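Before any comments, here is the structure.
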Amino acid sequence: MTRKHDDQTIETLVGIAFDDMYRAQEFLSAARRLSANKRLVLKDAVIVAKNESGHAVVRETTDPQPARSAVSGAVWTGLIGLLLGGPVGWLAGTAVGAGAGAVTAKVLDYGIPDEWVAWFRDAVLPGTVTVALLVTELDREALIAEVERFQGARLVYANLDDLTLDRIRKALGEVVLGSVASVPDTIPEQPTS
């Protein structure tokens, strides 16, 4: 999965599986810390948990949600409406902003494409939890140093070069047998946007 936006920013998708939710949450916190320290830009994160009977649950963690976007849109346009048109402007601005924010969140999904969320849902092994991160401006050395703390986790997928994939696997304690690309058998089609 490689997408470029208008600004030519390359997105990297990384999925790492854990044996329990606590380690997965800890890894997500570590990714957020890397983002706060400007070692990557975290665009989206999805947690996919599958119980022993194979039932999968997906939780999107950072992708803009319609309700949150509606509130944000309502606040900003309401404030502008209040400044320009008084109380009537505030009411009109709030209504317009809420609708625009909700529609924008539904139409402009900059997170992990739904096809990839479905792929991870199928790829996750029963009894495990996978954290999928969509990042830009990735400091690969910082990521590798961070994943060393998560020995026993497994790399599910990453659209990185073979050398970096091998280094991540080694950091996780996986056996690395030469340079093997981490490409799934069936890859969702690239979004056309």
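The values are calculated or read from the model by the stated rules, or taken from the named source; none is laboratory data. Note that the coordinates shown come from a computational prediction; the quantities given were computed from them, not determined experimentally. Cβ coordinates were reconstructed from backbone atoms using ideal geometry, including for glycine residues, and neighbour counts include every protein chain displayed.
Selection of first residues in the range 18-36 that are assigned by TED's automatic domain parsing to the domain that holds Thr128 and within 15 Å of Thr128 (Cβ to Cβ) and of second residues that are of a type outside the set (A, V, I, L, M) and in a helix (DSSP H, G or I), restricted to Cβ pairs under 6 Å at least 6 apart or on distinct chains, gives the following pairs, ordered by first then second residue: Phe27/Phe150.
Are any of the residues in the range 34-57 in a helix (DSSP H, G or I), at pLDDT 90 or above and surrounded by 12 or more Cβ atoms within 10 Å (Cβ to Cβ)? Yes; the residues of the range 34-57 include at least one that is in a helix (DSSP H, G or I), at pLDDT 90 or above and surrounded by 12 or more Cβ atoms within 10 Å (Cβ to Cβ). Test Gly85 against the stated conditions and say whether it is at pLDDT below 90, over 25 Å from Leu42 (Cβ atoms), of a type outside the set (A, V, I, L, M, F, W, C) and in contact with a helix residue (DSSP H, G or I) (Cβ under 8 Å, 6 or more places away or on another chain). When the stated conditions are applied, Gly85 passes them.
Inside the range 129-176, residues that are hydrophobic (A, V, I, L, M, F, W, C), part of a helix (DSSP H, G or I) and surrounded by fewer than 17 Cβ atoms within 10 Å (Cβ to Cβ) make up a count of 4. Taking the options Gln25, Gln8, name whichever one is of a type in the set (S, T, N, Q), outside any strand (DSSP E or B) and modelled with pLDDT of 75 or more. Just a single option satisfies the conditions, and that option is Gln25.
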